[in-house]
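First the structure, in the form of structure tokens, and then the observations on it.
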Amino acid sequence: MSDHGRFAFEPILNLVNGRPVGMEVLRQQARDQTGLVAANAVWGTRQLAEFDSGIAIASVLHGTDHDATVPLHVDVLADTVVSARRRVRQLRPSLERRDPGRAAPPMLLEVNPALFAAPPDALAEGIMDLRAGGFGIGFDSAGRGFGLDLIAELEPDLVKIDAQLVRRLPDDPRARVVVRALCELCRAVGVRVSATGVETIEQLSAVRDHGIPWAQGPLLAEARRRPSTSGLILPPALMPRL
């Protein structure tokens, strides 16, 4: 099967100055969607984690022209942090072996909620180990898969608001309550917040109203085939009004 279109790179933008602050690798094909594959396989946690870590490595190697000044965001499951972190630590060496003499970008692992099992103590140990290996840590799908207590205890570098919550922000008071609680906690413990899946002006306004400084989504910048950030900036019409 061809790898054409297997992965894409979605910019994460600073909503204040419009500049790129990250590039997330997106899994575009069903064969790489861990949840879909696991649902049709008789796997244990170890097999799931090995599969997920392998896709993470493939996603990093898919890109060329990485901007070494902008962090590359790579998705992994919490199961993988617990059960296959040694393989996850090969992300940067794999890229350096492919591109000798070229600086690899900083990497932030976007940890997604567990599909099978990721006990909090084991997850904390895995995150400490990966941080010691030079990785930034983000919690993806916050508000859906990670409790406030875990965010406060582990203090990730980034918490990402789930796209479903962002979609509901303009019109649903319950979504606003959840996002407000997440933002207040993150500010209290010094964790940055980013919004995902921003599709409309109304969603962008609601994100800004909650003081969220970073965001991504089709309204802001389309996912692209290559991770280059050349010429990338928030469209003038979406910049904040002074």
Any residue at all in the range 71-83 that's within 16 Å of Ala195 (Cα to Cα), in contact (Cβ under 8 Å) with a residue 60 or more places away in the chain and under 17 Å from the mean Cα position of the chain (by Cα)? yes
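Would you confirm whether or not the range 231-242 contains a residue that is part of a loop (DSSP other than H, G, I, E, B), among the aliphatic types (A, V, I, L, M) and modelled with pLDDT under 95? Working first, answer last.
Initial filter on the range 231-242 (part of a loop (DSSP other than H, G, I, E, B)): 231-235, 239-242.
If we keep only those that are among the aliphatic types (A, V, I, L, M) too, we end up with 232-234, 239, 242.
Still in the running and modelled with pLDDT under 95: 242.
Yes.
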When Asp149 is run through (1) surrounded by fewer than 17 Cβ atoms within 10 Å (Cβ to Cβ); (2) in contact (Cβ under 8 Å) with a residue 24 or more places away in the chain, the failure sits at (2)
First in the range 1-24 and modelled with pLDDT of 95 or more and β-branched (Val, Ile, Thr), second anywhere and surrounded by 13 or more Cβ atoms within 10 Å (Cβ to Cβ) and not in a strand (DSSP E or B), Cβ under 8 Å, 6 or more apart: Ile12/Gln216; Val16/Pro213; Val21/Val70; Val21/Pro71
Spot the failing condition for Trp43; the list is (1) closer than 30 Å to Leu242 by Cβ; (2) over 13 Å from the mean Cα position of the chain (by Cα), and only one is missed. (1)
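Checking the structure you have, find out if any residue of the range 113-121 is more than 17 Å from the chain's Cα centre (by Cα), free of Cβ contacts under 8 Å to residues at least 60 places away in the same chain and not in a loop (DSSP other than H, G, I, E, B). Working first, answer last.
Taking the range 113-121 as the starting set, the residues that turn out to be more than 17 Å from the chain's Cα centre (by Cα) are 116-121.
Going one step further and asking which of them are free of Cβ contacts under 8 Å to residues at least 60 places away in the same chain, we end up with 118-121.
From the residues that got through so far, the ones that are not in a loop (DSSP other than H, G, I, E, B) too are 120-121.
Checked the range 113-121: at least one residue is more than 17 Å from the chain's Cα centre (by Cα), free of Cβ contacts under 8 Å to residues at least 60 places away in the same chain and not in a loop (DSSP other than H, G, I, E, B).
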Given the criteria touching a His at 6+ places or on another chain (Cβ under 7 Å), among the acidic types (Asp, Glu) and part of a strand (DSSP E or B), does Glu10 qualify? no
Determine if the range 156-178 includes at least one residue that is modelled with pLDDT of 95 or more, in contact with a Leu (Cβ under 6 Å, 6 or more places away or on another chain), assigned to a loop (DSSP other than H, G, I, E, B) and not basic (Lys, Arg). no
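Does the range 45-59 contain at least one residue that is of a type in the set (Ser, Thr, Tyr), surrounded by fewer than 20 Cβ atoms within 10 Å (Cβ to Cβ) and out of contact with any Leu (no Cβ under 9 Å at 6 or more places or on another chain)?
Step one: of the range 45-59, the residues of a type in the set (Ser, Thr, Tyr) are 45, 53, 59.
So of that shortlist, the ones also surrounded by fewer than 20 Cβ atoms within 10 Å (Cβ to Cβ) come out as 45.
Now restrict to residues that are out of contact with any Leu (no Cβ under 9 Å at 6 or more places or on another chain): none.
No, the conditions are met nowhere in the range 45-59.
Considering Val25, Val37, which residue is within 14 Å of the chain's Cα centre (by Cα), surrounded by 14 or more Cβ atoms within 10 Å (Cβ to Cβ) and either of a type in the set (A, V, I, L, M, F, W, C) or part of a loop (DSSP other than H, G, I, E, B) (or both)? Walk me through it before giving the result.
Values: Val37 fails: within 14 Å of the chain's Cα centre (by Cα).
Only one candidate passes the filter, namely Val25.
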Can you name the number of the only condition in (1) in contact (Cβ under 8 Å) with a residue 40 or more places away in the chain; (2) part of a loop (DSSP other than H, G, I, E, B) that Arg208 fails? (2)
Somewhere in the range 55-69, is a residue over 24 Å from Gln216 (Cβ atoms) and either in a helix (DSSP H, G or I) or not basic (Lys, Arg) (or both)? no
Just to verify a result, which residue in the range 107-139, among those that are at pLDDT 95 or above, of a type outside the set (Gly, Ala, Ser) and surrounded by fewer than 15 Cβ atoms within 10 Å (Cβ to Cβ), is farthest from Pro227 (Cα to Cα)? Glu125
Restricting to the range 179-227, name every residue that is buried (at least 17 other Cβ atoms within 10 Å of the Cβ) and either at pLDDT below 95 or of a type in the set (Lys, Arg) (or both). Pro227
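The values are calculated or read from the model by the stated rules, or taken from the named source; none is laboratory data. Remember, predicted model here, so these are calculated numbers, not experimental data. Cβ: placed from backbone, ideal geometry, glycine included. Neighbour counts: every protein chain shown.
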